[in-house]
Every structure is written in structure tokens, then in C-alpha cells.
Amino acid sequence: MTDTLDAPVAAPVYTVPQERKIVTAIPGPKSEALHRRRLAVVPPGVSSALPVYIAKANGAILVDVDGNQFIDLGAGIGVTTIGHTEAAVVAAAAAQLQDVTHTLFTITPYEEYVRVAELLAENTPGDFVKRTVLVNSGAEAVENAVKIARKHTHRVGVAVLEHAYHGRTNLTMAMNFKAAPYSTGFGPFAGDVYRAPNSYPYHDGLTGPEAAARTIAYLEKTVGAEDLACLVAEPIQGEGGFVVPAEGYLPALQEWCTENGIVFIADEIQSGMARTGAMFASEHFGLVPDVVLSAKGIAGGLPLAGVTGRAEIMDSAQPGGLGGTFGGNPVAAAAAVAVFEQIEKSNLLEEAARIERTLTTGLRALQQKYDVIGEVRGIGAMIAIELVEPGTGETTKAPNAAAVNSIVAYAAQQGVLVLTAGTYGNVLRFLPSLATSDALLEDALSVIDEALARFTA
Ligand SMILES: *Cc1c(COP(=O)(O)O)cnc(C)c1O
């Protein structure tokens with residue numbers, strides 16, 4: 001008799017064939033018609049990287065209105081981490097829609113919010129008592145974390161790192177490294193934000209402890225630890241270009257924060273929720289932050305974000321001081337519960353590790369072939385290449401945004417959606433959903449290979 005417990009995990013059933021297919025010019029005629037309508041009613045401040053209009057998405061594939069199929073290596077910037085229209089998430093959200101769509105948690109609460117808070121308490125680093133507040137977006141999570149840290153410490157200073165990205169609200173614009181396009185002309189900005197050098201091993205060549213000493217010395221001289229409420233850091237920088245800090249950098253910052261009563265806030269909005277093969281990227285560095293922010297991948301495509309932190313910090317905000325009309329919406333919360341369940345059931349941490357192996361192997365092989373690839377880096381399904389100007393004999397590390405733009409444009413024409421990143425726009429980032437098969441990754445890599453061959457020809 002077969003033991004059903006030993007049965008393999010059922011392969012996911014996809015409603016869209018998992019393959020790329022280009023049947024029109026890109027963009028196709030229906031996308032072009034929609035784009036004309038859009039330009040009449042949507043301001044150009046909201047831009048689109050690739051103006052093909054999507055009619056359906058499933059697994060790792062986007063289908064546009066003209067019937068073209070794209071391998072999605074961006075996952076809506078790391079949002080559909082468990083795959084587009086993942087069946088369990090769709091079922092949970094659909095069921096919740098029928099039961100309760102909205103009450104407002106701060107008027108009459110519901111279980112799904114509480115369940116997400118329990119799951120975040122279990123799954124974020126650190127086994128101390130934690131509390132979670134749910135909000136709608138990553139930027140809102142950052143705003144709330146800073147509010148809470150200020151209330152807790154009775155201090156105002158906010159430390160951030162070079163190449164950071166934290167959002168598009170007024171406070172978070174002040175926290176971003178890059179002005180254009182995020183904050184150009186949108187001031188005045190929030191004050192008391194201090195930007196310190198980060199750890200960027202490819203460029204600074206520093207060890208973790210050396211880079212941490214530089215960050216700390218900078219903050220002590222320019223602000224003073226006693227005036228800092230919090231330090232906000234992405235364990236792996238997202239928009240900054242998947243910058244992985246040197247070993248020991250983050251724990252050294254955490255130690256300094258703890259000694260000085262500064263709240264360490266890990267912005268895991270892009271790096272969290274199984275993306276890197278751990279539930280949160282902090283785990284790779286032995287980092288136990290005081291507060292962890294999650295958003296993007298948490299609800300399988302529905303808008304939800306969380307601020308999870310030590311109870312004694314989180315409890316410092318007065319009743320009524322936190323919340324908002326849509327924060328922790330029941331449908332988004334039900335979807336998030338399904339995401340947590342699927343990560344475990346489908347072994348998605350292992351899938352992230354598989355994607356890392358396939359992508360880094362393929363990209364390192366391309367690096368041997370093309371000297372515009374300065375570095376291959378990243379963890380899990382968060383892998384990037386930094387493109388540089390080839391020097392004479394060795395690479396110069398000068399940013400090569402033209403190479404990135406050329407690859408992205410060629411890949412789109414071939415049915416591969418890949419995103420850019422980096423302060424200088426010279427990083428190509430691979431942020432596929434964990435449902436992306438090796439066959440699709442290999443296929444996409446062959447397109448990147450062709451793109452590089454054309455660019456360097
Ligand atoms: C996307 C992102 C944000 C902002 O999230 P929104 O939901 O777009 O407001 C903040 N921090 C990081 C690291 C991000 O990647």
C-alpha cells in the first residue's frame with residue numbers, strides 16, 4: 001500500500017501555459033490603442049516601464065491584450081512572489097469577499113487581521129513578544145515605523161543609508177537616496193533625516209566591520225546617537241541595485257543601535273516574505289531587528305503592509321495614534337494568510353534557493369563572456385548584475401546604463417520582462433516569482449545572452 005504521506009507535493013496547475021510567445025509587434029495594436037486612451041486621462045508622472053496592457057497573469061507569465069506572453073522576471077517588483085493569481089490566494093480572497101469586505105479594524109475588528117499579526121510574530125526574526133500594525137503600502141509602513149520609534153524614544157532623528165529607497169510619501173521621499181525622479185520638485189521635505197554611507201562591497205572593498213565603523217562614525221559626528229530615534233535599513237537594498245552588505249555589517253549596526261537606544265528598523269518590504277530563501281533576509285546576516293517592515297510579497301498581489309516590532313516599542317503609541325481606513329483590509333489579510341500557508345506547503349523557501357542557483361550559474365557564465373558584467377550578486381530570487389564600462393584589460397566599474405537599457409528593450413521585444421535598478425540605472429535585477437521554472441529561467445537567460453551579444457557587437 002502506498003503511504004499517502006509520502007506522496008509528492010502536487011504540481012501546480014496553471015491556467016496559462018508557462019511559456020513566452022510573441023505574436024505581434026511589442027507593443028501590439030490593442031496595447032497601443034489603450035495607451036492612447038491612458039495618455040488622455042492619466043498624468044505622465046505615473047509612467048510605465050513597458051506599455052503593454054496585461055489582460056491575464058498566471059504563474060510566471062503575463063498575457064497582454066494582443067495575446068503576447070511574457071516571462072515575468074519582475075513579479076510587479078517582488079509582489080507576486082508566490083506566482084500570479086496563485087490558486088490558494090485567489091480562493092482565500094474570493095471567499096473573504098463574500099463574508100466581510102470591510103468593517104474598519106479600528107471600529108469592529110475581525111480575525112484575519114489578528115491571524116496575520118500572529119503569523120508575522122512567528123515568522124519575523126527574534127523570539128521576543130511582538131506586535132503588528134497593518135497598513136496599505138510599504139511607504140505607509142515606513143511612516144508608521146518612524147512615528148512609533150519617535151514616540152518610543154522621545155527623539156526625532158532618522159538615519160538612513162546611501163542608495164536606500166523607502167517610498168513616495170513626504171517622509172519617505174526625504175529618506176530616499178535618489179532625488180530624480182522620486183522627489184525632484186516635490187519639496188519641502190521632512191527634516192531630521194540623516195543619510196550615512198552604506199556597505200557596498202563591490203565599490204568600497206570594505207569588510208562588514210570596517211563599513212559599519214564608517215557608518216557609525218558618520219552618524220556620531222553629524223547627528224549624535226542621542227538624537228537618533230531610529231536607523232532604517234534594507235537588509236538587501238532593492239531599488240539601490242540589490243546591494244548585499246558585507247558580512248557583519250548589519251549586526252554591528254544593530255549592536256550600536258541597541259547600545260544607544262536607537263530603534264533598528266529593517267525595511268524588508270522587497271527582501272522579505274520568502275524572497276531570499278529565508279522568510280526575511282535579515283536571517284542571512286544574523287540580524288535581529290527591533291522592527292521589521294513587510295509589504296510587497298505579503299498578500300500575493302493584494303495591497304497590505306505590516307509593521308512588526310518588539311512589544312515595548314510598538315506599545316508606546318497611544319490608542320487611536322495608529323491605523324487608517326483600509327489598513328489590514330479583510331480580503332488582503334485573508335490573502336496574506338494563504339500566502340504564509342502556501343510558502344510552507346509548497347516549500348517555497350527551497351524554490352527561492354533553486355532560483356538563486358539557476359540564475360547565478362547562468363549569469364556567471366555570461367559574465368565570463370561579456371566584460372560589461374561587473375558583478376553578479378544577490379540571494380535567493382533577488383539576483384542582479386551590475387553593468388560597467390569595460391576598461392582596457394579589466395573592468396573600470398564606471399556605470400553602464402546604456403547596456404542595461406539596451407538589454408531591457410531587446411528582452412521585452414522577445415517576451416522577457418526584466419527590471420532595472422541602481423542609483424545610476426546600471427543594474428539589471430531579476431526578481432521572478434518563486435513559481436518560475438528552471439526551463440523559463442534558462443529561456444530568459446538565453447534572451448539576455450542574445451541581448452548582450454547585440455549590445456557588445
Ligand atoms: C517598494 C518599497 C517601498 C515602498 O513600498 P510602496 O508599497 O511602494 O509604498 C519601501 N521600501 C522598499 C525597500 C521597497 O522596495
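The values are calculated or read from the model by the stated rules, or taken from the named source; none is laboratory data. A quick note: this is a predicted structure, and the numbers were derived from the prediction, not measured. Every residue, glycine as well, gets a Cβ built from its backbone with ideal geometry; the counts of neighbours run over all protein chains shown.
Computed values, structure above
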| read-out | value |
| --- | --- |
| Candidate set from the stretch 120-138 (those that are within 11 Å of the ligand (Cβ to nearest atom) and more than 24 Å from residue 427 (Cβ to Cβ)); member that is surrounded by the fewest Cβ atoms within 10 Å (Cβ to Cβ) | 136 |
| Hits in the stretch 298-308 (condition: crowded, with 24+ Cβ neighbours inside 10 Å and within 10 Å of the ligand (Cβ to nearest atom)) | 304, 305 |
| Inter-residue pairs, beta-carbon under 6 Å, first not assigned by TED's automatic domain parsing to the domain that holds residue 45 and in the stretch 179-193, second aromatic (Phe, Trp, Tyr), 6+ apart | none |
| The stretch 368-392, residues that are surrounded by fewer than 17 Cβ atoms within 10 Å (Cβ to Cβ) and either polar (S, T, N, Q) or closer than 16 Å to residue 429 by Cβ (or both) | 368, 392 |
| Selected residue (criterion: nearest to the ligand (Cβ to nearest atom)) from residues of the stretch 153-169 that are out of contact with any helix residue (DSSP H, G or I) (no Cβ under 7 Å at 6 or more places or on another chain) and closer than 10 Å to residue 227 by Cα | 153 |
| Options 149, 180; residue that is away from the ligand (no atom under 14 Å from the Cβ), within 15 Å of residue 240 (Cβ to Cβ) and of a type in the set (A, V, I, L, M, F, W, C) | 180 |
| Residue within the stretch 220-231 that is within 16 Å of the ligand (Cβ to nearest atom) and either buried (at least 24 other Cβ atoms within 10 Å of the Cβ) or polar (S, T, N, Q) (or both) present | yes |
| Single match in 95, 55, 117, 141 (criterion: within 16 Å of the ligand (Cβ to nearest atom) and at pLDDT 95 or above) | 141 |
| Residue match in the stretch 287-295 (condition: farther than 24 Å from residue 168 by Cβ and away from the ligand (no atom under 16 Å from the Cβ)) | yes |
| Count of the stretch 231-262 residues which are acidic (Asp, Glu) and under 16 Å from the mean Cα position of the chain (by Cα) | 2 |
| Among (1) away from the ligand (no atom under 16 Å from the Cβ); (2) more than 20 Å from residue 148 (Cβ to Cβ); (3) not small (Gly, Ala, Ser), the one test that residue 243 misses | (1) |
